[in-house]
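Derivation of every value follows stated rules applied to the coordinates shown; laboratory data play no part. This structure is a prediction, so every number in the text was calculated from the model and none was measured. Every residue, glycine among them, receives a Cβ derived from its backbone with ideal geometry; neighbour counts consider all protein chains shown.
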Amino acid sequence: MNFSSKLLENAVNEVSQLPGIGKRTALRLVLHLLKQPTTQTHQLSNALTSLVDKIKLCKKCHNISDVDVCEICANPSRNSEIICVVEDVRDVMAIENTSQFKGLYHVLGGKISPIEGVGPHNLSIDSLIEKVKSGTIKEIIFALSSTIEGDTTNFYIFKQLEKFKVNTSTIARGIAVGDELEYADEITLGRSIINRIPFEKSF
């Protein structure tokens, strides 16, 4: 791809590194931005800069937040005795959109995947165990994707929690095996949360 401008080429190269964006799509996006009012493009640039510089991870659940403790964890109306374990922030958003879950979350930051070099120590599993150790948690809901990696992660955490007096459950298999949680429709996902089953009966 030949560029008439080095500035254009650099912008296209950066945008094309985004997931699912090839060089041609990146070029279309960059040219679109050039056609927009300068203030609009600056707003986008400033929003991305602020995101990178100011974004935080909630100290309690590891969800993305603007402050040290996210709005969900800080909400006194949430049931702090139930924790839903998810892979990342997209799953929190998906479950919240169902309006069916009133507990708290724990974001692992990924799934155990030896092929990709991700082990238990790369995830926020230890802090989850510490929460359960405190004795204030009554139920842990596993809401990871129905994939081999998701099931492996669920089982690993389940084994770590066996010695504690805490109920463990998993979302009902209204979510097809192999599906990512974020792509499930809200009704199916909501029913899966409501109709969760004891984890030991899921394998």
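First check a/c for segment 6-54, with a ≥ b ≥ c the square roots of the eigenvalues of its C-alpha gyration tensor; if it is under 1.5, answer rounded, and if not, answer prolate when a/b is larger than b/c or oblate otherwise. Oblate is the answer for segment 6-54, as a/c is 1.5 or above yet b/c matches or exceeds a/b. Average 1/r across all pairs of distinct alpha carbons in the chain, invert it, and you get the Kirkwood radius: 19.2 Å. Over the chain, with a Gaussian network built from C-alpha contacts below 10 Å, which listed residue (115, 72, 148) shows the highest mean-square fluctuation? It is 115. Starting from the Cα of residue 116, step 7 Å along the direction of its Cβ; do the same at residue 130; then give the gap between the two resulting points in nm. Here the answer is 2.5 nm between the modelled labels. Whole-Hz Karplus values for segment 143-155 come out as 10, 8, 4, 7, 10, 4, 5, x, 5, 4, 5, 4, 5 Hz, taken residue by residue from phi with 6.51 cos²θ - 1.76 cosθ + 1.60 and θ = phi - 60°; glycine and proline positions read x. In this rough spin-label picture, where each label sits 7 Å from Cα along the Cβ direction, the residue 17-residue 59 distance is 3.2 nm. Cα convex hull, segment 65-154: 111 Å³ per residue, rounded to a whole number. Among 52, 86, 69, the residue with the largest mean-square fluctuation in a Gaussian network model of the chain, with springs joining Cα atoms closer than 10 Å, is 52.
Here each label is just a point 7 Å from Cα along the line to Cβ, and for residue 80 and residue 40 those points are 4.6 nm apart.
Candidate cross-link partners of residue 35 among the lysines, defined by an alpha-carbon separation under 28 Å and a same-chain spacing of 8 or more, comprise 6, 23. Would you compute, from DSSP H runs of 4+ residues alone, the mean residue ellipticity of the chain at 222 nm, taking -39500 (n - 2.57) per run and dividing by the full residue count, rounded to the nearest 500? Only helices count here, giving -12500 deg cm²/dmol.
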